[in-house]
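One structure is given here, and the rest of the page talks about it.
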Amino acid sequence: MVHQVHLMKVLAPDVARAAKPGQFVIIRIDEQSERIPLTIADYNVEEGSVTIIFQEMGKTTKQLATLKAGKELQDFVGPLGTPSDIEKLGTIVLVGGGVGVAPIYPQAKAYKAAGNKVIAIIGARSENLLILEDEMRAISDELIVCTDDGTKGHHGFVTEMLQKLLERGEHVNRVVAIGPAIMMRAVASVTKPFNVQTIVSLNPIMIDGTGMCGGCRVSVGGITKFACVDGPEFDAHKVDFNLLMNRLAVYRNEESISLKKHECTCRGD
Ligand SMILES: Cc1cc2nc3c(=O)[nH]c(=O)nc-3n(C[C@H](O)[C@H](O)[C@H](O)COP(=O)(O)OP(=O)(O)OC[C@H]3O[C@@H](n4cnc5c(N)ncnc54)[C@H](O)[C@@H]3O)c2cc1C
Ligand code: FES
């Protein structure tokens with residue numbers, strides 16, 4: 001796949017059989033690894049496989065990227081989370097930013113299969129970070145591509161194209177946005193004045209993924225929710241994005257130390 005974004009097919013027949021769009025897995029590479037959540041980007045019941053797409057961010061995702069085909073993961077727990085509420089509504093706009101295009105893909109397929117008109121707006125910082133463009137084109141009635149640096153499609157953010165789409169009078173029944181918290185917050189601001197129902201998939205830090213530890217707590221409509229069991233999808237117009245972004249940054253020092261240690265071990269320092 002593109003630079004620093006990797007696609008991995010994992011043989012996990014039980015997870016593949018039970019998986020639904022919107023759900024995720026929690027993986028552990030080996031006994032020493034931390035647990036990290038990754039969205040189920042695709043699944044194939046006949047093959048018994050589950051596809052994950054991940055971006056190298058820190059220690060664990062960089063270590064995961066070094067695994068060769070045939071290796072085993074210590075844990076691959078799932079499917080977790082509440083599945084997306086897929087129904088026939090009319091026109092659905094799916095907005096994916098960066099690696100957020102991966103979880104948008106199974107939803108686009110499911111919304112299309114349910115009889116909806118599917119408009120997809122996908123974006124990345126640059127063309128070399130844009131994922132699943134052909135796959136999204138194949139299942140969308142309309143696909144709009146954006147890059148922050150203008151190397152492909154619209155030069156600018158996905159939110160600018162969403163604004164234009166709503167302004168052109170397209171009757172939109174639901175917007176689903178998945179990507180960095182800052183992008184999802186911007187999508188919520190664009191759709192609010194148009195009164196369009198907007199769903200976002202939140203990405204707080206998760207530990208157990210079963211509602212026990214409280215690590216993934218978010219505030220939605222002033223009520224505390226656990227994204228791993230109550231979500232990860234919520235009404236975008238009710239989410240406290242500032243709290244989410246603050247909590248995502250809490251362990252930045254530790255994450256940076258952990259990555260440095262990992263890089264030293266890899267170099268043999
Ligand atoms: C429900 C859900 C689904 C996700 N799906 C995907 C996906 O499909 N593809 C993808 O590339 N990423 C996905 N993420 C984000 C992914 O889990 C983080 O990028 C990963 O945990 C980073 O770990 P790291 O050790 O490589 O980086 P670190 O350096 O440890 O962290 C980098 C950043 O990743 C986030 N992060 C770190 N640890 C966790 C954790 N345990 N849980 C959640 N976020 C964390 C924090 O924002 C942190 O600042 C998802 C997150 C959630 C909550
Ligand atoms: S990850 Fe522990 S409660 Fe959600």
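Bear in mind that the values in this text are calculations on the coordinates, not laboratory data. The shown structure was predicted, so the numbers you read here are calculated from the model rather than taken from an experiment. Methodologically, a virtual Cβ is constructed for each residue, glycine included, from the backbone with ideal geometry; neighbour enumeration extends over all protein chains shown.
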Sorted by chain and then number, the residues having a modelled amide H within less than 5 Å of the amide H of ALA114, at least 5 places away or on another chain, are none
Simple spin-label estimate for LEU7/ASN44, 7 Å along Cα→Cβ, in nm, reads 1.0
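Would you mind ranking ILE52, ILE223 so that the residue whose beta carbon has the fewest other beta carbons within 10 Å leads the list? Don't jump to the answer; show the numbers that get you there.
On the way: ILE52 23, ILE223 9.
Ordered from fewest to most neighbouring Cβ atoms within 10 Å, ILE52, ILE223 come out as ILE223, ILE52.
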For the range 25-32, in residue order, the Karplus 3J(HN,Hα) values (coefficients 6.51, -1.76, 1.60; θ = phi - 60°; whole Hz; Gly and Pro = x) are 10, 10, 10, 9, 6, 8, 4, 8
Helix 101-113 sits off the longest principal axis of the Cα atoms of the chain, rounded to the nearest 10 on a 0 to 90 degree scale, by 50
The answer for chymotrypsin sites (Phe, Trp or Tyr not before Pro) in the range 206-269 that fall in a DSSP coil and have at most 13 neighbouring Cβ atoms within 10 Å is TYR251
Given a Förster distance of 51 Å, the FRET efficiency implied by the Cβ-Cβ spacing of LEU259 and LYS88, rounded to the nearest 0.05, works out to 0.70
Placing each pseudo-label 7 Å from Cα in the direction of the beta carbon, ASN195 and LEU248 end up separated by a distance in nanometres of 3.0
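Only counting other Cβ atoms within 10 Å, I'd like THR82, THR39, THR265 sorted with the fewest neighbours first. Don't jump to the answer; show the numbers that get you there.
Details: THR82 16, THR39 28, THR265 11.
Listing THR82, THR39, THR265 from fewest to most nearby Cβ atoms yields THR265, THR82, THR39.
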Relative contact order of the range 85-201 (C-alpha contacts under 8 Å, at least 6 apart) in percent is 27
Applying the gyration tensor rule to the Cα atoms of the range 85-201 (axes a ≥ b ≥ c; rounded if a/c under 1.5, else prolate if a/b exceeds b/c, else oblate), the class is oblate
Label model pair ALA18, GLU160: point-to-point distance (7 angstrom along the Cα→beta-carbon line) in nm is 4.5
Looking only at aspartates and glutamates whose Cα falls under 12 Å of LYS59's and that sit 8 or more positions away or on another chain, we get GLU34, GLU254, GLU255, GLU263
For the range 173-180, in residue order, the Karplus 3J(HN,Hα) values (coefficients 6.51, -1.76, 1.60; θ = phi - 60°; whole Hz; Gly and Pro = x) are 8, 7, 10, 10, 10, 9, x, x
A correct Karplus calculation of ³J(HN,Hα) over the range 38-51, with 6.51 cos²θ - 1.76 cosθ + 1.60, θ = phi - 60°, whole Hz and x for Gly and Pro, returns 9, 6, 6, 7, 6, 8, 9, 5, 5, 6, x, 10, 10, 9
Among GluC sites (Glu not before Pro) in the range 65-137, those in a DSSP loop whose Cβ has at most 11 other Cβ atoms within 10 Å are GLU72
